[in-house]
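Right, one structure below, let's go through it.
The values are calculated or read from the model by the stated rules, or taken from the named source; none is laboratory data. Just so it is clear, the structure is predicted and the values come from calculations on it, not from any experiment. Positions of Cβ are backbone-derived with ideal geometry, glycine not excepted, and every protein chain shown enters the neighbour counts. What goes into the accessible areas is simple: the full protein's heavy atoms, side chains included, and nothing from ligands, DNA or RNA. Shrake-Rupley method; radii C 1.70, N 1.55, O 1.52, S 1.80 Å.
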Amino acid sequence: DQQVKQNSPSLSVQEGRISILNCDYTNSMFDYFLWYKKYPAEGPTFLISISSIKDKNEDGRFTVFLNKSAKHLSLHIVPSQPGDSAVYFCAATTLWDYKLSFGAGTTVTVRA
Amino acid sequence: KAGVTQTPRYLIKTRGQQVTLSCSPISGHRSVSWYQQTPGQGLQFLFEYFSETQRNKGNFPGRFSGRQFSNSRSEMNVSTLELGDSALYLCASSLVGSANQPQHFGDGTRLSIL
């Protein structure tokens, strides 16, 4: 049962433009959400997270938005750079759980 | 600061064999989690250990087991290997395993079953 869904398997964006990645979840018990980035032959790298008590969190070029009523979150990357080309995973957990539920990932390609 | 180290990086086994994978967490991290990544199922949680105790387990058969040592290093064992066990096995560590401490991943062990 996939509790975290990333419905767009891929995204292509021009360098300098905005990348918007979307994620939906079904488990209303989730209260902490994370985004990870993964290059080939490497493990996922933590990017940014957000608690359910917030609706926005920013870190440099990365901003995550959370809409709890819609059970939806998104990651905005502005401006997109060639080094951002990677697979991005959305993950969710409860605050005192010890496991992450991951989406299937979105492959981002930034075109020069 | 050294990251999460997983050994070996690549492994080839045949059906019916058993395998042990190793994970050394970031120094000071006491929580270690294991995940399986396959093209069809994505990243799926296997189990999590803290202070040598398994605190949570995913929906995998009993052939998948693990343990954690007093120095927080962890091993994962898969017995009676099946073709479907071919996957990238990822280990992640965090300080105590709570959600607001992001897990840091190793580069994984690629297991191929022939």
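Can you tell me which condition A:ALA104 does not meet? The list is (1) part of a strand (DSSP E or B); (2) modelled with pLDDT under 95, and all the others hold.
In the conditions (1) part of a strand (DSSP E or B); (2) modelled with pLDDT under 95, A:ALA104 misses (1) alone.
From the list A:SER28, A:SER19, which one is modelled with pLDDT under 95 and more than 20 Å from B:THR38 (Cβ to Cβ)?
Numbers: A:SER19 fails: modelled with pLDDT under 95.
Only one candidate qualifies: A:SER28.
Can you tell me which of A:ILE50, A:ILE20 is β-branched (Val, Ile, Thr) and within 12 Å of another protein chain (Cβ to nearest Cβ)? Full working, then the answer.
Values: A:ILE20 fails: within 12 Å of another protein chain (Cβ to nearest Cβ).
When all the criteria are applied, what remains is A:ILE50.
Just give me the residues in segment B:75-114 being over 18 Å from A:SER101 (Cβ atoms), free of Cβ contacts under 8 Å to residues at least 60 places away in the same chain and open to solvent by 20 Å² or more (accessible area, probe 1.4 Å), in sequence order.
Listed by number, the residues that qualify are B:GLU75, B:ASN77, B:GLY84, B:SER86.
Within segment A:71-93, track down each residue that is in contact (Cβ under 8 Å) with a residue 40 or more places away in the chain and part of a loop (DSSP other than H, G, I, E, B).
First, pick out the residues of segment A:71-93 that are in contact (Cβ under 8 Å) with a residue 40 or more places away in the chain: A:71-82, A:84, A:86-93.
Once the filter is applied, which keeps residues that are in contact (Cβ under 8 Å) with a residue 40 or more places away in the chain and part of a loop (DSSP other than H, G, I, E, B), segment A:71-93 yields A:LYS71, A:VAL78, A:PRO79, A:SER80, A:GLN81.
Residues to consider are B:THR53, B:THR14; find the one that is under 24 Å from B:ASN100 (Cβ atoms), open to solvent by 40 Å² or more (accessible area, probe 1.4 Å) and hydroxyl-bearing (Ser, Thr, Tyr).
On the way: B:THR14 fails: under 24 Å from B:ASN100 (Cβ atoms).
Testing whether each residue is under 24 Å from B:ASN100 (Cβ atoms), open to solvent by 40 Å² or more (accessible area, probe 1.4 Å) and hydroxyl-bearing (Ser, Thr, Tyr) leaves just B:THR53.
Looking at A:SER49, is it among the small types (Gly, Ala, Ser), within 24 Å of B:SER94 (Cβ to Cβ) and in a strand (DSSP E or B)?
Details: among the small types (Gly, Ala, Ser): yes; within 24 Å of B:SER94 (Cβ to Cβ): yes; in a strand (DSSP E or B): yes.
Considered against the rule, which asks whether it is among the small types (Gly, Ala, Ser), within 24 Å of B:SER94 (Cβ to Cβ) and in a strand (DSSP E or B), A:SER49 comes out as yes.
Is at least one residue of segment B:2-23 among the small types (Gly, Ala, Ser), within 11 Å of the chain's Cα centre (by Cα) and under 23 Å from A:PHE102 (Cα atoms)?
The first filter runs over segment B:2-23 and keeps only residues among the small types (Gly, Ala, Ser), leaving B:2-3, B:16, B:22.
The next check asks that each one be within 11 Å of the chain's Cα centre (by Cα); those that pass are B:22.
Then drop every residue that is not under 23 Å from A:PHE102 (Cα atoms), which leaves B:22.
Yes, segment B:2-23 contains at least one residue that is among the small types (Gly, Ala, Ser), within 11 Å of the chain's Cα centre (by Cα) and under 23 Å from A:PHE102 (Cα atoms).
Conditions (1) within 10 Å of chain B (Cβ to nearest Cβ); (2) among the hydrophobic types (A, V, I, L, M, F, W, C), marked per residue:
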| residue | (1), (2) |
| --- | --- |
| A:ASP31 | yes, no |
| A:TYR36 | yes, no |
| A:LYS56 | no, no |
| A:PHE62 | no, yes |
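Output yes when any residue across segment B:49-66 is among the basic types (Lys, Arg), under 17 Å from B:THR20 (Cα atoms) and within 11 Å of the chain's Cα centre (by Cα), and no when none is.
Here is the first cut: in segment B:49-66, the residues among the basic types (Lys, Arg) are B:55, B:57, B:63.
Of the ones still in play, those that are also under 17 Å from B:THR20 (Cα atoms) are B:63.
Retained after the next criterion (residues that are within 11 Å of the chain's Cα centre (by Cα)): none.
Checked against the condition, which is being among the basic types (Lys, Arg), under 17 Å from B:THR20 (Cα atoms) and within 11 Å of the chain's Cα centre (by Cα), segment B:49-66 yields no hits at all.
Which of the residues belonging to segment A:59-104 are acidic (Asp, Glu) and open to solvent by 10 Å² or more (accessible area, probe 1.4 Å)?
A:ASP59, A:ASP97, listed by residue number.
Scan segment B:22-56 for residues that are among the charged types (D, E, K, R) and in contact (Cβ under 8 Å) with a residue 60 or more places away in the chain and jot them down. Spell out the reasoning first.
Taking segment B:22-56 as the starting set, the residues that turn out to be among the charged types (D, E, K, R) are B:30, B:48, B:52, B:55.
The answer is B:ARG30, and nothing else.
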